[in-house]
Structure formats: structure tokens, C-alpha cells
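The values are calculated or read from the model by the stated rules, or taken from the named source; none is laboratory data. Nothing here was measured: the structure is a model prediction, and the numbers come from that model. Quick reminder, even Gly has a Cβ in these numbers, built from the backbone with ideal geometry, and neighbours come from all protein chains shown.
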Amino acid sequence: MRILVTGSAGHLGEALVRTLRAEERDVVGLDLLPSPFTDVEGSIADRQLVARAMRGVDAVLHTATLHKPHVATHSRQDFLDTNVTGTLNLLEEAVAAGIDAFVFTSTTSTFGRALVPPAGQPTAWITEDVTPEPKNIYGVTKCAAEGLCELFHRQFDLPCLILRTSRFFIEVDDSKARRDAFDDANLKANEYLSRRVEIEDVVGAHQRAIERASDIGFGRYIISATTPFSPDDLAELRSNAPAVVARLIPGFVDEYASRGWKMNDGLDRVYVNARAREELGWRPRYDYATVLDHLREEREPRSELSRLIGAKPYHAEAFEDGPYPVDRADGETVPGTVSP
């Protein structure tokens, strides 16, 4: 099987190409940027280039995208060109090539405003049944690209699976309030409870998606670490997360105290990966309990794959106010913190 990976110079694209090459799979990397993992340089908005890259391909892993970090630095037209037109080009050429599986890497950012319930309401339980409410051009264009994937499945019977991934980058948080409130490792550990996934597990989900696409046909899946919470926890979780975590995973209290770490006082959302585990047969290795185990053993909480990839800046230039300029129109709230 020959596999085309778009966005091969990015975090996930590199991870996929690294893994596929290690398995001695036939893989072609496509990206705007040159890299050891890029075989074809150019834009997915270029239909002719996409057609050339698709020759002999049996499956597509489409990770190329403009991301949230580009919202304040790129035009809305740029987002349409890459995220919508680029996806359309790939779908058109995939149909023409008769490929067996098309896997589109989307994002939990598509849920947008649905992720933060009104004050006084329980934590949001985010499954694939929640209606997206995108709050910026990134979310809008990813939703549009998802719609194109569904259209091409219905019209051309293209096996197409959509993976809505949560956070897996290792760069510092874009929110100054969060950076000021938490040690970076502390913040990322907390996120495994509700909104983070290890990149090794994201790669595994894409591999399972290729294998299952022809049988499933079409589906959307949330790809995030398995949460320890249940719907019964949501009311208390919004206002007193440390109490819920201590009840479910008591060891966190002593481990955090020994490090001077703290837990968010409340969580606004919890991503639920049950459908991906059930229908894809995906078995993520990393969750909050795994991270705690690694911390107790003085082991690196991240996977070896994550360490190999490292940090990747989204822009050529540096910025004074964080890893990238933040579009303040997003209006994202930052939960407060308390000590465990």
C-alpha cells in the first residue's frame, strides 16, 4: 500500500512519516516546506501538484492545514485556499485515483463555543454528537472540509474517516494567563484529564483509520486521551475539579504536592473518545494515570516519538507575547487554579 501524507513537515505529518517508514511502508510526504520527511514540495491548493503526488497512491492521510496559530497572521482567504480548496483538490484526485482510504485530520476546535458552557452549568461532555459552533476562520474551514469529506463519501462512495484531534503539541501554551498560572509540565499533565492526547496515540488512530475505512465508509471520531470522568462527575467537575480527581485518582494529591503543582479549580470541557475506541479498535496508551505513573518513576511523561519530533514553530519570526499572536476575538476563558 502506498500512502500519501500531506503536511509531512508538521508535527503530526512527521510523526506519521517516521512511523510508516520505520514499518517499511511505502509513503510519500507532501508539504510546502522542505524536510527529511517531505518528498513532494508544494501547496495542496495546486491541483496539478496534488494530481502528481497522488499517482500510485492507495491511501491518503491528510494532515496539512493552516492552524489556530495562523488566525492572527494569515488572511481568511489563506485559510479557505489551504483548508477548503486544498482538501477539495485532494478529494477530487483521490476519487480519480480510486484510492481505498481517505483520512482527514480535523480538530476538536470545530466545537468552538460549545466547549464552554454558561457560568453555573456543568462541564461540557463532548462527544461526536455535539453540534460544532466554530468561533474563528480555522474552525469554520475545518468544518467545511469535513463537509466535503462527507459529500465525497456520499456521491462517490469514497471511504473517508475524520479524526478530530485534541491538543498534542509540546510548545508552550498560547494563553499568557495559563502560562503565568501553571508550570508548563503541570498544565500539560492536567490536560490529559480532558483535552490532550499523546502524538504516538494520534498516529495509532490514523493507522487504525486506514485499516477500518473501507469497512466503516464514513465516520467522525474524537481523538483524545481516555478521560477518567463520567457524566455523573460533570456538575462537581465544573466547580471543584481537585475533589473529583482526588476521588478517582487519589495519588495525584501527594505527587502534585511534592512538585508544587496544582490542579485547575474547574474544567469547562471533557473530550470523550469512546466511539473511536469502539469502532476503530483504537487503544491509546497515554492518559492522566499513565502520566502520573511516569512522574512517580521520574520518567519522561512524553513518548519517544514526541521527543524525536520536538517543538516546531508555526511562524518564521518570534513574538513577544507568546509562541504566536492570539486572535483576541476568540474570547477564550481561563479557569482559575487551586492547590490540591
message = Show the residue pairs meeting these rules: Cβ distance below 8 Å; 6+ apart or different chains; first residue within the range 42-69 and within 17 Å of C149 (Cβ to Cβ); second residue of a type in the set (F, W, Y) and assigned to a strand (DSSP E or B).
response = A59/F102; V60/F102; H62/F102; H62/F104
ask   = Are any residues in the range 280-312 part of a helix (DSSP H, G or I) and in contact with a Leu (Cβ under 7 Å, 6 or more places away or on another chain), and if so, which ones?
value = Y288
Options S214, S258: the member that is more than 30 Å from H153 (Cβ to Cβ), surrounded by fewer than 16 Cβ atoms within 10 Å (Cβ to Cβ) and over 15 Å from the mean Cα position of the chain (by Cα) = S258
ask   = Is at least one residue of the range 199-212 in a loop (DSSP other than H, G, I, E, B) and of a type in the set (V, I, T)?
value = no
ask   = Taking interchain pairs and intrachain pairs at least six residues apart, which have beta carbon atoms under 7 angstrom, with the first residue in the range 208-220 and within 14 Å of E278 (Cβ to Cβ) and touching a residue at least 24 places away in the same chain (Cβ under 8 Å) and the second aromatic (F, W, Y) and outside any strand (DSSP E or B)?
value = R208/W282
note = Within the range 53-67, restricting to residues that are touching a strand residue (DSSP E or B) at 6+ places or on another chain (Cβ under 7 Å) and farther than 14 Å from G13 by Cβ, the one that is surrounded by the fewest Cβ atoms within 10 Å (Cβ to Cβ) is G56
request  = Scan the range 230-279 for residues that are among the polar types (S, T, N, Q) and part of a strand (DSSP E or B) and jot them down.
outcome  = N264
message = Quick check on A114: is it surrounded by 19 or more Cβ atoms within 10 Å (Cβ to Cβ) and in contact (Cβ under 8 Å) with a residue 12 or more places away in the chain?
response = no
remark   = The correct count of residues that are assigned to a loop (DSSP other than H, G, I, E, B) and closer than 27 Å to G13 by Cα in the range 181-195 is 4
Where E320 falls short, out of the listed (1) modelled with pLDDT of 90 or more; (2) part of a loop (DSSP other than H, G, I, E, B) = (1)
ask   = Mind checking which residues of the range 117-142 are of a type in the set (S, T, Y) and surrounded by 16 or more Cβ atoms within 10 Å (Cβ to Cβ)?
value = T123, Y138, T141
query = Which residue pairs have Cβ atoms closer than 6 Å, lie 6 or more positions apart in sequence or on different chains, and pair a first residue in the range 1-22 that is in contact (Cβ under 8 Å) with a residue 24 or more places away in the chain and basic (K, R) with a second residue that is surrounded by fewer than 24 Cβ atoms within 10 Å (Cβ to Cβ) and outside any loop (DSSP other than H, G, I, E, B)?
reply = R2/D26
task = Output the number of the condition that G29 fails; it satisfies all remaining conditions of (1) outside any strand (DSSP E or B); (2) of a type in the set (G, A, S); (3) on the phi < 0 side of the Ramachandran plot.
result = (1)
note = So the strands (runs of 3 or more DSSP E) completely within the range 75-180 holding 2 or more residues that are among the β-branched types (V, I, T) are 101-107, 160-165
request  = Output the number of residues of the range 286-307 satisfying the condition of being within 27 Å of V17 (Cβ to Cβ) and surrounded by 12 or more Cβ atoms within 10 Å (Cβ to Cβ).
outcome  = 10
Output for the range 143-187, where each listed residue is small (G, A, S) and surrounded by fewer than 20 Cβ atoms within 10 Å (Cβ to Cβ) = A144, G147, S175, A177, A181, A185
